[in-house]
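No lab work stands behind these numbers, since they all come straight from the coordinates. As the structure is a computational prediction, the values presented were derived from the model and not from experiment. As a convention, Cβ positions derive from the backbone with ideal geometry for all residues, glycine included, and neighbour counts pool all protein chains shown.
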Amino acid sequence: MDFTSAEPIPSQARATRRRQLAGGSLRLLLPAVVLLPLAMNAAAAYLSWRQTWAEAAAEMTRTAEAAAEYARRVFDGMMLRIDRADDILAGLDDDTIRRREPELHEALGRASTTSLGMGHRPPYIFVFDRDAFPLVSGNLYPVPRGRAFTHREFNQALRGDDAPGLHISPVYIGSVNGQPFFSVTRRRVRTGNGLPTGAYDGVINASVNVNEANAGLRRLAGPQPSDLLALIREDGLFLARSAGPPVTDLRLRDDDTMLAAMQRGEIRALRHLRSGGDDTRRLGAFRRVDGYPVFATAARDEEAVIAQWRRTVAGQLAVGLPATLALLGLSFLVLRRNRDLATSHAELEARVAQRTAALAESEARLRLAQEAGGVGLWDWDIRTGHVFWSDRYFRVMGLDPNHVRPSYESFLAAIDPQDRAQVQANLEAARANPDAYTYREEFRLPQPDGSSRWILEQGEFLRAPLTGEALRLVGVCLDVTERRRSEERLRLLAREVDHRAKNALAVVQAAVRLAPKEDAAGFTRAIEGRVMSLARVHNLLAEGRWAGADLRELAASELSAFILAAGDSEATAPRVEAQGPAVQVGPAVAQAVCMVLHELATNAVKYGALSAAGGLVRLSWEVAQGDLRLRWAETGGPPITAPPQRRGFGSRVLTGTIQSQLGGTVHQDWDPTGLVCRISIPLSRLTQG
């Protein structure tokens with residue numbers, strides 16, 4: 001039998017088919033082995049791309065939020081100093097401010113001495129009148145006179161009736177120190193110029209040093225060297241920048257999507273943008289600074305984000321390319337990716353923890369500043385009625401947190417009954433007015449000893465955007481008792497100065513009325529002599545703060561003009577000797593005594609001992625039997641043959657001054673050797689003011 005043409009047996013056919021199938025599967029597996037790592041790496045690269053951009057966006061958003069909070073605290077500090085400056089200048093007209101520039105300069109300087117924190121020095125405080133002329137500054141004395149700063153935007157932006165409550169200026173170069181700055185400006189209120197309520201009457205501005213603001217932003221910048229933080233006005237004008245060229249006249253491009261979002265009123269946003277400063281493509285986030293027309297921005301170069309992604313993908317490709325180790329590479333890639341993600345998340349959490357710690361430290365510094373400044377915080381949720389008071393608020397208000405629950409009713413109950421109704425009415429009126437965003441009130445708190453302390457409360461309403469309904473009121477309180485007492489002392493001092501001026505004018509009027517008017521030259525000399533006498537005693541009284549003067553100093557000041565005239569030698573010159581105990585006399589008595597001594601000395605120079613060489617006047621005084629007794633004795637002058645036949649002008653001055661004004665007595669003895677005048681003044685009149 002021939003077996004060469006026999007059919008294969010079934011088992012061999014099945015084996016062949018298995019080999020063929022295996023070869024086909026192997027041919028399919030090899031491309032799969034090649035493509036799988038590529039697909040896995042491509043998928044990982046795509047995920048890494050999205051993750052890298054997401055992390056960059058999250059970092060920029062957090063950094064913008066931190067920059068906005070930093071800017072808000074700086075601006076709040078500026079506004080607090082502007083409010084303090086406005087309090088100091090309250091009720092003063094422009095002429096008074098110019099006259100009192102040294103005093104107000106020191107007061108404004110003290111009001112702005114505390115630092116703003118975050119590396120900022122105390123701000124410059126400048127006050128301008130309605131015509132843009134500087135009135136006073138807390139940092140510069142004297143301010144430039146005769147130069148109007150109308151070219152500064154802050155002297156123009158707040159003039160209109162619909163002007164905003166505050167203005168943030170562009171960056172300028174200071175004319176005094178050459179440093180770049182921008183300013184926070186607010187209208188002056190409660191001025192003493194007599195303008196209608198709401199009329200423009202000048203501004204107060206506080207300057208922010210741009211270099212310090214740049215440094216503050218740099219401290220907030222992220223780890224990427226290309227990260228750029230900036231403060232930008234809502235019109236796109238740069239105020240400060242953590243890096244790059246100077247920000248003077250630098251602004252966002254007109255077609256910048258971020259600028260468009262700002263102008264649409266968006267509070268926060270994330271955008272791809274092209275920088276107006278160096279035309280670089282960046283991923284940027286912005287956040288509006290609460291309460292101010294300024295945005296804080298944080299941006300990172302897109303090339304830096306892409307470079308970060310490339311570094312990540314390079315590590316993945318280095319592991320996944322070998323096709324023969326596809327599965328091992330895939331496993332390693334997963335482990336590597338998980339490890340990278342864990343590391344990335346750990347780093348991210350560490351940065352978040354660092355930022356959180358920095359924010360907590362900043363808040364702690366803020367609390368310390370509030371404690372040091374005696375500022376209490378309060379927060380009233382008007383819808384729910386919930387009220388929060390800080391520990392300092394309890395202390396300022398004199399309330400025990402263990403016995404008093406924070407509430408609107410507890411607040412009203414603590415106020416002096418004399419002020420309570422007015423405070424409540426003002427608060428309710430402000431709350432009901434949809435256009436009122438600020439609240440300010442001063443009131444008294446009764447004390448156990450019967451006295452009162454003055455408290456200043458200032459807050460800001462948060463209102464519903466559409467209806468204007470008051471939703472919340474947040475603010476601070478401050479004990480201003482010392483300020484109120486200082487104001488009262490200033491009022492008393494003003495009245496005292498007015499009283500002294502009237503007294504001086506009355507004495508000058510009497511001197512003019514009593515002077516002889518027949519001889520014009522004699523009238524002039526008499527008036528000049530008496531006014532100079534009054535000037536000398538005025539200087540003495542002013543040096544003693546108008547508490548009085550010593551009689552010996554009065555005599556030395558008045559009689560020094562009649563001793564050792566030009567050309568006289570000490571041997572032949574007329575002399576005056578004064579001797580007596582220390583006696584303190586009041587301002588009115590001092591003026592009267594100086595007038596008497598002036599008249600006696602003038603008479604002695606014309607007719608008596610001081611008209612002759614070797615003449616001598618002995619002035620002495622003593623206190624005896626309830627009187628101050630003065631004795632004026634002249635010797636060595638022309639002999640007196642007889643008393644004067646008529647009562648002269650000097651005698652009338654002596655009588656009018658001593659007897660009529662001071663209730664004393666005057667006796668004149670015309671001895672041949674010279675005049676002897678005895679004056680007696682009751683001790684009860686010596687302290688007369």
Problem set entry | Distance cut-off 18 Å, percentage of C-alpha pairs in region 375-479 lying past it | 47 percent
For this session: Provide the per-residue ³J(HN,Hα) series for region 624-636, in order, calculated from phi with Karplus coefficients 6.51, -1.76, 1.60 and θ = phi - 60°, each as a whole number of Hz, with x at glycine and proline positions.
Result: 8, 6, x, 10, 9, 10, 10, 10, 10, 10, 10, 9, x
Problem set entry | Relative packing of 460-467, 588-595, which averages over residues the other C-beta atoms within 10 Å, highest first | 588-595, 460-467
For this session: Search the structure for amide H atoms under 5 Å from the amide H of V576, placed 1.01 Å from N in the peptide plane, and list their residues when 5 or more places away or on another chain.
Result: V617
Exercise. With a 10 Å Cβ neighbour count serving as the proxy for reagent exposure, in which order, fewest first, do W53, W380 appear?
Worked result: W53, W380
Exercise. Taking neighbour counts of Cβ atoms within 10 Å as a proxy for exposure, in what order, fewest first, do I382, I267, I679, I415 appear?
Worked result: I267, I382, I415, I679
Seminar exercise, completed: Sorted on mean Cβ neighbours within 10 Å (highest first), peptides 600-607, 346-353, 67-74 come out as 67-74, 600-607, 346-353
Exercise. Along region 432-438, what does the Karplus equation 6.51 cos²θ - 1.76 cosθ + 1.60 (θ = phi - 60°) give for ³J(HN,Hα), rounded to whole Hz, x for Gly and Pro?
Worked result: 7, 8, x, 8, 8, 10, 10
Exercise. Each residue of region 244-254 in turn: what ³J(HN,Hα) in whole Hz from Karplus with 6.51, -1.76, 1.60 and θ = phi - 60°, glycine and Pro shown as x?
Worked result: x, x, x, 8, 4, 6, 8, 8, 5, 5, 4
Seminar exercise, completed: Once amide hydrogens are built 1.01 Å from N within the peptide plane, the residues lying 5 or more places from T280 or on another chain with amide H under 5 Å from its amide H are S275
Exercise. Order of S169, S684 from fewest to most other C-beta atoms within 10 Å?
Worked result: S684, S169
